[in-house]
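Here is the structure we will look at, set down as structure tokens.
The values are calculated or read from the model by the stated rules, or taken from the named source; none is laboratory data. Owing to the predicted nature of the structure, the values given are computational and were not obtained by experimental measurement. Virtual Cβ from ideal backbone geometry, glycine too; neighbours counted across all protein chains shown. Each accessible area value is taken on the protein alone, full model and side chains, heavy atoms only, with ligands, DNA and RNA left out. Shrake-Rupley method; radii C 1.70, N 1.55, O 1.52, S 1.80 Å.
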Amino acid sequence: MTQKNEHSKELTFMVDGASCSSCVMKIENSLKAVSGVENAAMNFADRTVTVTGSANAATLIDAVKAAGYGATEQHTENDDELLEEKERSDEAYYKHLVRDMQIALGLGVPLMLYGLITGDMNVETGLERISWLTVGLLTLAVMIFSGRHFYVGAWHSFKNHSANMDTLIALGTGTAWLYSMSVVIAPALFPEMARHVYFEATAMIIGLINLGLALELKARGRTSEAIKRLIGLQPKTARVVRDSGEVDIAIKDVQLEDVVRVRPGEKIPVDGQITEGSTTIDESMLTGEPMPVTKQVGDTVSAGTINKSGSFLFKANKVGKDTMLAQIIGMVKRAQNSKPPIGRMADVISSYFVPTVMIIAVLSALAWLNFGPQPTIAFAIVSATTVLIIACPCALGLATPMSVMVGVGKAAEAGVLIRNGEALQTASKISAMVLDKTGTITEGVPAVTDVLTIGDRSEEEVLRLASSLEAGSEHPLAQAIVESAQKRGIEQAKISDFDAISGQGVKATLDGMELLFGNQTLMQENSVAIDEYIDKAQALAAQAKTPMYFAVDNKLQAIIAVADPIKKDSIAAIKRLRQQGIKVIMLTGDNRDTAKAVAEAAGVQDYFAEVLPGQKADKIKELQARGEIVGMSGDGINDAPALAMANVGFAIGTGTDVAIESADITLMRGSLHGLADAIAISKATLRNIKQNLFGAFIYNVAGVPIAAGLLYPFIGVLLNPVIAGAAMAFSSLTVVTNANRLRLFKASTH
């Protein structure tokens, strides 16, 4: 996508009259030709186009109109109002289509039944001419009233020297009607066997295609349920603390720095920081994480999450479009509008497909006229009409965007934010996943893992003395000792004569006792006997732990091991990635022994150790040079070069701390299960797209030769145009229904 400059703005328009993917290309190209437009992306599934650039709305609407379509700007920025506006528009269009369908089938069904029962739709007598002329005029009324949008669309395409689905429908039904009226008006011009009318085909095709469009519209509405749910997360009002007391105000009126009250069971209205009280919050709707999170003063809260227990006050620091929920909604919408490469290929094929079909229809008619049995002209008209109708590429245009809409929405429900269609497609092909160790596989915070007491002192007493000693140190390992004691409720004592010895450890005095805490060198230089315990320390080191010796008055009292523990669910998540056929590789700056221990414990197949931050991107290049499609996961900040170098970058973070623009795919929770979920959803979506494209292509490729009469010489079957109309209409419905199957997909197995 083109980078936006500082004057860029993003405008969204609802488009009328687009009927297939060739329309999409025409609209996008018309908009891209406008001065100041950086990018234009149309979502055929929901009939909207998003334009980025400095061009004004009126100019863009004129460009769409010049291409033969209608456009109206979505004025409101309120997602709730936009959704209501679209639902009202869809409901009105649905009623319009149902009415048109009823009128067309109201004429077409009786005519078809008459033909099936009597088998006589020929024009022979004067009375029959008058009767069929009346029927012809009624059919013309149906064409004007119920099929007008097809003919208007075809005319606009003709004026723009292009062709689309409307062109095929208009040519097919128009040819059938004109031939039938010619038979009625001047039957003598036609051989007796060719005096057959096809008014029922015209009316039925218009009715069936309108029915298909109506059913497709209803099914399309279900694909945007993820967006509806996200928008529905935000409450309508917020309880704000004022000088006069607490008052309920509309969510749009909440200002920065407002103090907001949230009671148990209520949704949090905007993003902010707790200033009073504590609670547990259900963040599953944003992160996909089912367990409630404990929040205290100073912790951040996000709009749309649910307060489970306590009442609290928080200060608003992000409102309106700046909240995490609003950014997620915006990101999901942009991703749903984007096209994966496989979708762009379908658009290109579709743009050539319609003219090709028109040529095939003409060739088919000529073949019947020159080589077919009597009445050749009737056979030629039927075959050409059937080819035009059955080949409408509406299903082809829907195949990709429908699946993308559902897949991206499904991912958002699991706390996975996919930035664009290209990332969605590439993620399904990942062959090697590179995981940063610290904070990705591990917790990222050192913690006490083992306390091996040696003397008479208890574990609690050892921790009391050690934490008292380390309280004055700023070293991360020292902080782990202090935090471990605090978690157990162990109080620290006051020390004196504190001395930090570089590269060895610390020493101090407490109640007349000399305390020593550090490595093997510190113990040996102070004549502390540790020889018989060195093996135990080395065994801990082999488990990726850092062992430290603690001595009182030069007598060893304990070995305390500190490590950055592997996250509880990392092992299971890595196993899921491997089951998906992905090679998992760990990247770390730690020494090889530590890296090997962590890799073995986590189930990682390979690792790069002692890698400096600046070398991470080089390791990604190295894997790509071997032919791997590489995914890279990290915190999105320190690992930015590697994330950018990877085929797909995954930013892993939690809650409001995550930078959602830093990678191709962002995981809203810290668990690696989100990574496995993202790839599983990506694979399911691409599989669904391929099923849709295969169905649409096979339908057209197989349908066109049959419609042209390929089977007639062998089994005497020529496809009825009415059957072609029904098949064409319901092929689109099949694609939409298949895409909606994705809504039932369950990514997680944990």
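Assorted remarks:
- Selection status of Glu461, of a type in the set (D, E, K, R) and in contact (Cβ under 8 Å) with a residue 12 or more places away in the chain: no
- Some residue of region 379-398 being at pLDDT 85 or above, assigned to a helix (DSSP H, G or I) and closer than 15 Å to Ala678 by Cα: no
- Within region 267-298, restricting attention to residues that are under 23 Å from Ala676 (Cβ atoms) and charged (D, E, K, R), the residue that is farthest from the chain's Cα centre (by Cα) is Asp282.
- Restricting Val241, Val247, Val297 to residues that are open to solvent by 30 Å² or more (accessible area, probe 1.4 Å), at pLDDT 90 or above, in a loop (DSSP other than H, G, I, E, B) and of a type in the set (Val, Ile, Thr) narrows the list to Val297.
- Criterion (surrounded by fewer than 22 Cβ atoms within 10 Å (Cβ to Cβ) and closer than 22 Å to Met668 by Cβ) met by exactly one of Lys321, Lys315: Lys321
- Qualifying residue in region 345-359 (condition: over 30 Å from Ala395 (Cβ atoms), buried (at least 16 other Cβ atoms within 10 Å of the Cβ) and either without any contact (Cβ under 8 Å) to a residue 12 or more places away in the chain or aliphatic (A, V, I, L, M) (or both)): no
- Taking the criterion of being hydrophobic (A, V, I, L, M, F, W, C), modelled with pLDDT of 90 or more, under 30 Å from Ser682 (Cβ atoms) and outside any helix (DSSP H, G or I), the residues of region 526-584 that qualify are Ile582, Val584.
- Test result for Thr426, within 48 Å of the chain's Cα centre (by Cα), of a type in the set (Ser, Thr, Tyr), over 23 Å from Gln538 (Cβ atoms) and open to solvent by 30 Å² or more (accessible area, probe 1.4 Å): yes
- Filtered residue count, region 585-599, keeping only those that are part of a loop (DSSP other than H, G, I, E, B) and open to solvent by 10 Å² or more (accessible area, probe 1.4 Å): 3
- Boolean, Ala186 is among the hydrophobic types (A, V, I, L, M, F, W, C), at pLDDT 85 or above and either open to solvent by 70 Å² or more (accessible area, probe 1.4 Å) or within 26 Å of Gly212 (Cα to Cα) (or both): no
- From Ala203, Ala219, Ala194, residue being surrounded by 15 or more Cβ atoms within 10 Å (Cβ to Cβ) and in contact with a Pro (Cβ under 9 Å, 6 or more places away or on another chain): Ala194
- On inspection, Asn688 passes the criterion of being in contact with a Ser or Thr (Cβ under 7 Å, 6 or more places away or on another chain) and in a helix (DSSP H, G or I).
- Set Glu77, Glu10, Glu91, Glu85: member being part of a helix (DSSP H, G or I), open to solvent by 30 Å² or more (accessible area, probe 1.4 Å) and modelled with pLDDT under 85: Glu85
- Scanning region 260-272 for residues that are under 21 Å from Val332 (Cβ atoms) and outside any strand (DSSP E or B) yields Ile268, Pro269, Val270.
- Being over 20 Å from Arg220 (Cβ atoms), assigned to a helix (DSSP H, G or I) and either without any contact (Cβ under 8 Å) to a residue 60 or more places away in the chain or in contact with a Cys (Cβ under 6 Å, 6 or more places away or on another chain) (or both) is a condition met by at least one residue of region 31-46.
- Among the residues examined, Arg578 does not qualify as over 23 Å from Glu443 (Cα atoms), out of contact with any Cys (no Cβ under 7 Å at 6 or more places or on another chain), open to solvent by 10 Å² or more (accessible area, probe 1.4 Å) and of a type in the set (D, E, K, R).
- Of the helices (runs of 4 or more DSSP H) lying entirely inside region 104-222, the ones with 1 or more residues being basic (Lys, Arg) and under 18 Å from Leu388 (Cα atoms) are found at 148-159.
- Residues located in region 265-294, provided they are over 21 Å from Arg229 (Cα atoms) and open to solvent by 60 Å² or more (accessible area, probe 1.4 Å): Gln273, Thr275, Glu276, Ser278, Thr294
- Conditions (1) open to solvent by less than 50 Å² (accessible area, probe 1.4 Å); (2) of a type in the set (Gly, Ala, Ser); (3) outside any strand (DSSP E or B); number of the one not met by Ala71: (3)
Here's the yes/no breakdown for (1) modelled with pLDDT under 90; (2) touching a Ser or Thr at 6+ places or on another chain (Cβ under 7 Å); (3) not in a loop (DSSP other than H, G, I, E, B); (4) not hydrophobic (A, V, I, L, M, F, W, C):
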| residue | (1), (2), (3), (4) |
| --- | --- |
| Lys252 | yes, no, yes, yes |
| Ile274 | no, no, yes, no |
| Leu286 | yes, yes, yes, no |
| Met291 | yes, no, no, no |
| Gly310 | yes, yes, no, yes |
| Phe314 | no, yes, yes, no |
| Met331 | yes, no, yes, no |
| Arg334 | yes, no, yes, yes |
